[in-house]
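Colleague: Here it is, the structure in full.
The values are calculated or read from the model by the stated rules, or taken from the named source; none is laboratory data. Everything numeric in this text was worked out from a predicted model, so none of it was measured. As a convention, Cβ positions derive from the backbone with ideal geometry for all residues, glycine included, and neighbour counts pool all protein chains shown. These accessible areas exclude ligands, DNA and RNA; they are computed on the full protein's heavy atoms, side chains included. Shrake-Rupley method; radii C 1.70, N 1.55, O 1.52, S 1.80 Å.
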Amino acid sequence: MEIQQFHYDNKIVQKFLYATLLWGVVGMLVGLLLAFMFIFPNLTDGISWLSFGRLRPLHTNAVIFAFVGNAMFAGVYYSTQRLLKARMFSDWMSNFNFWGWQAIIVAAAVTLPLGYSTSKEYAELEWPIDLAIAAVWVVFGWNFIGTMLKRRQRHLYVAIWFYLATIVTVAVLHIFNSLALPVSAMKSYSVYAGVQDALVQWWYGHNAVAFFLTTPFLGLMYYFVPKAANRPIYSYRLSIVHFWSLIFIYIWAGPHHLLYSSLPDWAQNLGVAFSVMLIAPSWGGMINGLLTLRGAWDKVRTSPVLKFMVVAITGYGMATFEGPMLSLKNINAIAHFSDWIIAHVHVGALAWNGFLTFGMIYWLVPRMFKTRLHSTGMANFHFWIGTLGIILYALPMYVAGFTQALMWKEFNPDGTLVYGNFLETVNEIMPMYWMRAIGGSMYLVGMVVMLYNIIATVRSGSKLEDELAEAPALSRIGGRRRAGEKYHTWLERRPIQLTLLATVAILIGGVIQIIPTLLVKSNIPTITSVTPYTPLELEGRDLYIREGCVGCHSQMVRPFRSEVERYGEYAKAGEFVYDHPFLWGSKRTGPDLLRVGGKYSDNWHLNHFYDPQSTSSGSIMPSYKWLIRNKHDRSGAADKMRVMVTLGVPYSDEDISGAEASMDTQAAQIEKNLYADPEFVRSYEEEKTYAQQNGEEFIEMKDREIVAMIAYLQRLGTDIKIKQNTEVASENR
C-alpha cells in the first residue's frame, strides 16, 4: 500500500481564527452600544451613522457573518483536511475565500451605518455585496467539493455531511432571497412584494439560522467534542437520523415567524407542523453530543474546553426546545414582537454559537502552535463570567417579554385597554434593559480576556503553517454497492450522490411553500382601493428603510382584540401588493405603524423626529435631527418608479414624467400644514434669517427629507377604511 506524504494548510485556519477574534470583539461592542441606547436614547445624538436603526443590522451581520462565519470557516478548514486526509483543493481558493469574506464584512461595516440597506432581516446588504457573497460562497463550495474528490479517506464522516448541506442550502437561500432589481449602484428593490416577500424572507431568515448557525456548528460539534473528550461519537445511527431528518424538516419551518399575519393560513399551519416535528432531530443531535462525554465527565471539571462545549450543547438543546414551543400559535400570540424573542435568539447565539466557538478556539490554538494554553485560569474565568453574562442577559429579557405581552393584552372591565399608552409598557421594563446591558458587558469582558489569553498563547508557541501528514492513497473500488454493504454506508463514500440527495431534501419544503404563494392569485386577494405610493411617499419609504425604522416598529396588526383596539383594523394581504420590500417587522420597541396615517398632524411628526421626548414623555426613541436638516435628493425618483413598473406596480408614463411636479405639490402642501404651528413658524423664520445673515444656503422646508418621511407615514393604512381609536391616540414609543 502506497503511503503518501502531504501537508495540511494551517495558515488559512489561523487567518480565520484571527478574524473570528477581531470581529467577535467588534460585533459584541456594537451590540453593547445598542443595549445602552435603550437606556440612554440620545447617546449618539445627531450622528446619523451611529443611530440605533442603522447600527442594529450592523450588529446582527457582524456577529452572525463576521464572528460566527469566520469561526465556521476556521473549523471547517481545519477538520475537513484531517477528516479527508488531504490538503484543501486549492490554496488560492482558500485565500480568496478568506480575503473575499473579510472584504464583504468591511463593505457591510461601511454601508450599513451609511444607510444602504434592503431592510430584510439578516439580508440587509445591497445587491453588489450580495453578488460578492455569492461569488465567495461558490469558491468556498468548489474548494470543499474539490477536496472531497481528491481525499485519501474513503468514508465521509458525519461532520462532512453537515458541511455539505450548509454549502448547498446557504447558496440556494441567499440567491433566491436576494433577487432584486437594481435602481443604482447601491439601491435595489426586492422582486417579491408584500406577502410573497415576507414568506421568501422568513424562509431565508429561519433557514439562515438553520444552515449558517446550526448545521455547520453541528458538524463542528461532531468533530471537536469527540476530539476534546477523546471519545468516539455516541451513536453513528443516531447521527444518520439526526442529519437527514434535520435538513428535511428545518426548511419547512420558516412560516412560524409569520403566524397570525397576512400569510395564507395553509402556509402558517405547515410552518407550525414542521416546527413542532423539528424538536425530535434537534434533541437527537443534542443527546448525541452530550452522551459522547459518557465516561469523560470527570474531565469536564478540569477542562475549560469541555465546559464550554457542554454549555454550548445544552444551549442548543434549550433553544431548539423553545423554537418549536414558540411556533405554537397560542404561545406565539404572546411572544411575537416582544423581548421574549430577543432572549430566545441570544440563548442560541451566545451559548450555542459563542461557547462552541470559544471551546473550539481553546482546543485548536495550543495544538496549532505546538504549545500550552497560556492560562487555564483565565479560560475558566472566561467560562464563568460568560455563563453568568448569558443568564443576566436572557432572564431579564424573558421577564420583559412576559411583561410586555401581558400589558399589551390587558383590558378593563368596561372593555378598554388598561395600558392604552404604549409607553407604559416601555417604562415598566427599563430595569430589564439595565440588567441586559450588565449581562452583555460581562460576556464581552470574557471575550476580551480570551483575546489576551490567545495572543499570549500564540506568542509562546511556534508558527506551524504547513503540518506534515501521511496517509495511504485511496484505491478505486467502483461505484456500485458491494455485497452486504448497507445503502448509507455506500452513500458515505459517494460525495456527489450525497450532495444531490441533500439538495433534494432541502428543496422539497421550499418549493411546496413558496411556488403556490408566488403563483396562486387567490392567496393574496385584491383590494381595489389600494393604489401605488405617490413619488414623494415612495421616497419617504426609502428614507424609512434607510433609517432602519422597521427594526423597532412593525406594520402588521394581527387579528387580536387587543391589537385592533390599540392600532385599528387588522392587516389584509392585499394591502401590501406594492410593497417592495415588505416592512412587517419582527420587534415592537415602539407601537405598530400600519394605521398611523392621519392619526397625528404633520407638526406632531416633525416634532417627534426632532425631539421624541417633547411629544412623548419617557420615549426611548432617539432624535432624527438630520432628517430635518438634510436636503432631500429626489433625482432618482423617476428611475425608482421605472423599476417598480418592471416589478408590476402600475405607474403610468404620465406618473413617471410628472414625478417631480407631483413631489413639489405634495411637499408644498405638507409645508403649508406645518405653518399651522406658531412654534414651527418662529423657529423656521429664525433659521432662514440666520442663514441669510451668514451667507449660508437655506433649504426650503418642502425640499427636506423630513417632508418625504411625513408623506409616507401619513399614507400608512389609509388605503382601506379603518376604525380610528381615539382613546389610544397618545400611543408613542
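Colleague: Quickly run through the stretch 205-223 and pick out the residues that are under 10 Å from the mean Cα position of the chain (by Cα) and either more than 18 Å from PRO324 (Cβ to Cβ) or open to solvent by 10 Å² or more (accessible area, probe 1.4 Å) (or both). Explain how you work it out, then say what you get.
Modeller: Pass one, the stretch 205-223, residues under 10 Å from the mean Cα position of the chain (by Cα): 205-206, 208-209.
Matches in the stretch 205-223: HIS206, ALA208, VAL209.
Colleague: Determine, yes or no, whether VAL564 is of a type in the set (Val, Ile, Thr), at pLDDT 95 or above and not in a loop (DSSP other than H, G, I, E, B). Before the answer, list the steps.
Modeller: Values: of a type in the set (Val, Ile, Thr): yes; at pLDDT 95 or above: yes; not in a loop (DSSP other than H, G, I, E, B): yes.
Yes, satisfied.
Colleague: Here is a check on your reading of the model: is GLY377 part of a helix (DSSP H, G or I) and either in contact (Cβ under 8 Å) with a residue 40 or more places away in the chain or within 29 Å of the chain's Cα centre (by Cα) (or both)? Spell out the reasoning first.
Modeller: Details: part of a helix (DSSP H, G or I): yes; either in contact (Cβ under 8 Å) with a residue 40 or more places away in the chain or within 29 Å of the chain's Cα centre (by Cα) (or both): no.
The answer is no for GLY377.
Colleague: Could you pull out the residue among THR503, THR526, THR499, THR489 that is polar (S, T, N, Q) and under 27 Å from ASP592 (Cα atoms)?
Modeller: Residue meeting the stated conditions: THR526.
Colleague: Can you tell me how many residues within the stretch 218-240 are part of a helix (DSSP H, G or I) and more than 22 Å from GLY510 (Cβ to Cβ)?
Modeller: 15
Colleague: Among the residues of the stretch 420-468 satisfying the criterion of being in contact with a His (Cβ under 7 Å, 6 or more places away or on another chain) and crowded, with 16+ Cβ neighbours inside 10 Å, which is farthest from GLY24 (Cα to Cα)? Before the answer, list the steps.
Modeller: In the first step, residues of the stretch 420-468 are kept if they are in contact with a His (Cβ under 7 Å, 6 or more places away or on another chain); the result is 446, 449-450, 453, 456-457, 460, 466-468.
Those left that are additionally crowded, with 16+ Cβ neighbours inside 10 Å: 446, 449-450, 453, 457, 467.
Values: GLY446: 11, VAL449: 12, MET450: 11, ASN453: 15, THR457: 18, GLU467: 27 Å.
Among those that are in contact with a His (Cβ under 7 Å, 6 or more places away or on another chain) and crowded, with 16+ Cβ neighbours inside 10 Å, it is GLU467.
Colleague: Quick one: in the stretch 128-138, which of the residues that are of a type in the set (Val, Ile, Thr) and open to solvent by 20 Å² or more (accessible area, probe 1.4 Å) is farthest from the chain's Cα centre (by Cα)? Break it down stepwise before answering.
Modeller: Just the residues of the stretch 128-138 that are of a type in the set (Val, Ile, Thr), to begin with: 129, 133, 136, 138.
Now restrict to residues that are open to solvent by 20 Å² or more (accessible area, probe 1.4 Å): 133, 138.
Values: ILE133: 15, VAL138: 21 Å.
Result: VAL138.
Colleague: Scan the stretch 366-375 and tell me whether some residue there is crowded, with 22+ Cβ neighbours inside 10 Å, at pLDDT 95 or above and not aliphatic (A, V, I, L, M).
Modeller: No; the residues of the stretch 366-375 include none that is crowded, with 22+ Cβ neighbours inside 10 Å, at pLDDT 95 or above and not aliphatic (A, V, I, L, M).
Colleague: Taking into account only those residues within the stretch 382-399 that are touching a Lys or Arg at 6+ places or on another chain (Cβ under 8 Å) and within 21 Å of HIS336 (Cα to Cα), which is most open to solvent (accessible area, probe 1.4 Å)?
Modeller: Filtering the stretch 382-399 for residues touching a Lys or Arg at 6+ places or on another chain (Cβ under 8 Å) gives 383, 392-393, 396-397.
Next, from what is left, pick out any that are within 21 Å of HIS336 (Cα to Cα): 393, 396-397.
Details: TYR393: 25, PRO396: 5, MET397: 0 Å².
Within the stretch 382-399, the match that is most open to solvent (accessible area, probe 1.4 Å) is TYR393.
Colleague: So which helices (runs of 4 or more DSSP H) are wholly in the stretch 629-675 and hold at least 2 residues that are out of contact with any strand residue (DSSP E or B) (no Cβ under 8 Å at 6 or more places or on another chain) and open to solvent by 70 Å² or more (accessible area, probe 1.4 Å)?
Modeller: Values: elements: 637-646, 653-657, 659-674.
In the stretch 629-675, 653-657, 659-674 are the helices (runs of 4 or more DSSP H) which contain 2 or more residues that are out of contact with any strand residue (DSSP E or B) (no Cβ under 8 Å at 6 or more places or on another chain) and open to solvent by 70 Å² or more (accessible area, probe 1.4 Å).
Colleague: Scan the stretch 243-261 and give yes if some residue there is among the aromatic types (Phe, Trp, Tyr), part of a loop (DSSP other than H, G, I, E, B) and open to solvent by less than 20 Å² (accessible area, probe 1.4 Å), otherwise no. If you could, list the steps in order and put the result at the bottom.
Modeller: Within the stretch 243-261, the first condition is being among the aromatic types (Phe, Trp, Tyr), and the residues that meet it are 243-244, 248, 250, 252, 260.
Among the residues that remain, those that are also part of a loop (DSSP other than H, G, I, E, B) are: 252, 260.
In the following step, the residues that additionally are open to solvent by less than 20 Å² (accessible area, probe 1.4 Å) were identified as 252.
Yes, some residue in the stretch 243-261 is among the aromatic types (Phe, Trp, Tyr), part of a loop (DSSP other than H, G, I, E, B) and open to solvent by less than 20 Å² (accessible area, probe 1.4 Å).
Colleague: Within the stretch 511-557, can you find the residues that are in a loop (DSSP other than H, G, I, E, B) and among the aromatic types (Phe, Trp, Tyr)? Full working, then the answer.
Modeller: Of the residues in the stretch 511-557, the ones in a loop (DSSP other than H, G, I, E, B) are 520, 524-534, 547-548, 552-557.
If the condition is that a residue be in a loop (DSSP other than H, G, I, E, B) and among the aromatic types (Phe, Trp, Tyr), then TYR533 is the only one that fits.
Colleague: Just name the residue that is farthest from GLY354 (Cα to Cα) out of those in the stretch 416-464 that are without any contact (Cβ under 8 Å) to a residue 24 or more places away in the chain and assigned to a loop (DSSP other than H, G, I, E, B).
Modeller: Result: VAL418.
Colleague: So ALA273 fits all but one of (1) open to solvent by 20 Å² or more (accessible area, probe 1.4 Å); (2) within 23 Å of THR376 (Cα to Cα); what number is the exception?
Modeller: Answer for ALA273: the failing condition is (2).
Colleague: Could I ask something else about it? Of all residues in the stretch 676-724, which are surrounded by fewer than 17 Cβ atoms within 10 Å (Cβ to Cβ) and of a type in the set (Lys, Arg)?
Modeller: Residues satisfying the conditions are ARG682, LYS688, LYS721, LYS723.
Colleague: When PHE89 is evaluated against the numbered criteria (1) open to solvent by 10 Å² or more (accessible area, probe 1.4 Å); (2) outside any loop (DSSP other than H, G, I, E, B); (3) out of contact with any Phe, Trp or Tyr (no Cβ under 6 Å at 6 or more places or on another chain), which criterion, by number, is the only one it fails?
Modeller: Unmet for PHE89, out of (1) open to solvent by 10 Å² or more (accessible area, probe 1.4 Å); (2) outside any loop (DSSP other than H, G, I, E, B); (3) out of contact with any Phe, Trp or Tyr (no Cβ under 6 Å at 6 or more places or on another chain): (2).
Colleague: Something else: Identify, from the list ALA171, ALA210, the residue that is assigned to a helix (DSSP H, G or I) and more than 21 Å from VAL311 (Cα to Cα).
Modeller: Details: ALA210 fails: more than 21 Å from VAL311 (Cα to Cα).
Just one listed residue meets the conditions, ALA171.
Colleague: Check ARG558 against each of (1) surrounded by fewer than 19 Cβ atoms within 10 Å (Cβ to Cβ); (2) over 29 Å from TRP127 (Cβ atoms) and name the one condition it does not meet.
Modeller: All conditions are met except number (1).
Colleague: Another question, if that's okay. With respect to the numbered conditions (1) surrounded by 24 or more Cβ atoms within 10 Å (Cβ to Cβ); (2) within 24 Å of the chain's Cα centre (by Cα), which one is the sole condition not fulfilled by GLY585?
Modeller: Condition not satisfied by GLY585: (1).
Colleague: Test ILE710 against the criterion of being of a type in the set (Val, Ile, Thr) and either at pLDDT 95 or above or touching a Cys at 6+ places or on another chain (Cβ under 7 Å) (or both), and give yes or no.
Modeller: For ILE710, the condition - of a type in the set (Val, Ile, Thr) and either at pLDDT 95 or above or touching a Cys at 6+ places or on another chain (Cβ under 7 Å) (or both) - is met.
Colleague: Quick one: which helices (runs of 4 or more DSSP H) sit completely within the stretch 272-374 and have at least 2 residues that are among the hydroxyl-bearing types (Ser, Thr, Tyr)? Step through it out loud before you land on a result.
Modeller: Numbers: elements: 279-291, 297-302, 304-326, 329-335, 339-346, 356-368.
Result: 304-326, 356-368.
Colleague: While we're on this one: Tell me which of these ASN330 doesn't satisfy, since it passes every other one: (1) in contact (Cβ under 8 Å) with a residue 12 or more places away in the chain; (2) open to solvent by 30 Å² or more (accessible area, probe 1.4 Å).
Modeller: (1)
Colleague: Can I ask one more? Would the stretch 543-554 turn up any residue that is crowded, with 17+ Cβ neighbours inside 10 Å, among the charged types (D, E, K, R), modelled with pLDDT of 95 or more and under 30 Å from GLY636 (Cα atoms)? Write out each step before concluding.
Modeller: So the first thing to find is which residues in the stretch 543-554 are crowded, with 17+ Cβ neighbours inside 10 Å, and the list is 543-554.
Still in the running and among the charged types (D, E, K, R): 546-547.
Restricting the remaining residues to those that are modelled with pLDDT of 95 or more gives 546-547.
Subset that is under 30 Å from GLY636 (Cα atoms): 546-547.
Within the stretch 543-554, one or more residues are crowded, with 17+ Cβ neighbours inside 10 Å, among the charged types (D, E, K, R), modelled with pLDDT of 95 or more and under 30 Å from GLY636 (Cα atoms).
Colleague: Ok, one more. For the stretch 469-491, which residues satisfy the criterion of being open to solvent by 40 Å² or more (accessible area, probe 1.4 Å) and either in contact with a Gly (Cβ under 6 Å, 6 or more places away or on another chain) or in a strand (DSSP E or B) (or both)?
Modeller: GLU470, PRO472
Colleague: Residue pairs, Cβ under 7 Å, 6 or more apart or interchain, first in the stretch 1-12 and of a type in the set (Ser, Thr, Tyr), second open to solvent by less than 20 Å² (accessible area, probe 1.4 Å). List them.
Modeller: TYR8/GLN81; TYR8/ALA469
Colleague: List pairs: first in the stretch 492-504 and under 13 Å from ILE167 (Cβ atoms), second basic (Lys, Arg) and open to solvent by 10 Å² or more (accessible area, probe 1.4 Å), Cβ under 9 Å, 6+ apart or cross-chain?
Modeller: Every condition considered, the pairs that remain are PRO495/ARG151.
This table checks each residue for (1) crowded, with 22+ Cβ neighbours inside 10 Å; (2) touching a residue at least 40 places away in the same chain (Cβ under 8 Å); (3) within 16 Å of the chain's Cα centre (by Cα).
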position: PHE67; (1), (2), (3): yes, yes, yes
position: PHE73; (1), (2), (3): yes, yes, no
position: VAL76; (1), (2), (3): yes, yes, no
position: LYS85; (1), (2), (3): no, yes, no
position: LEU114; (1), (2), (3): no, yes, no
position: LEU125; (1), (2), (3): yes, yes, yes
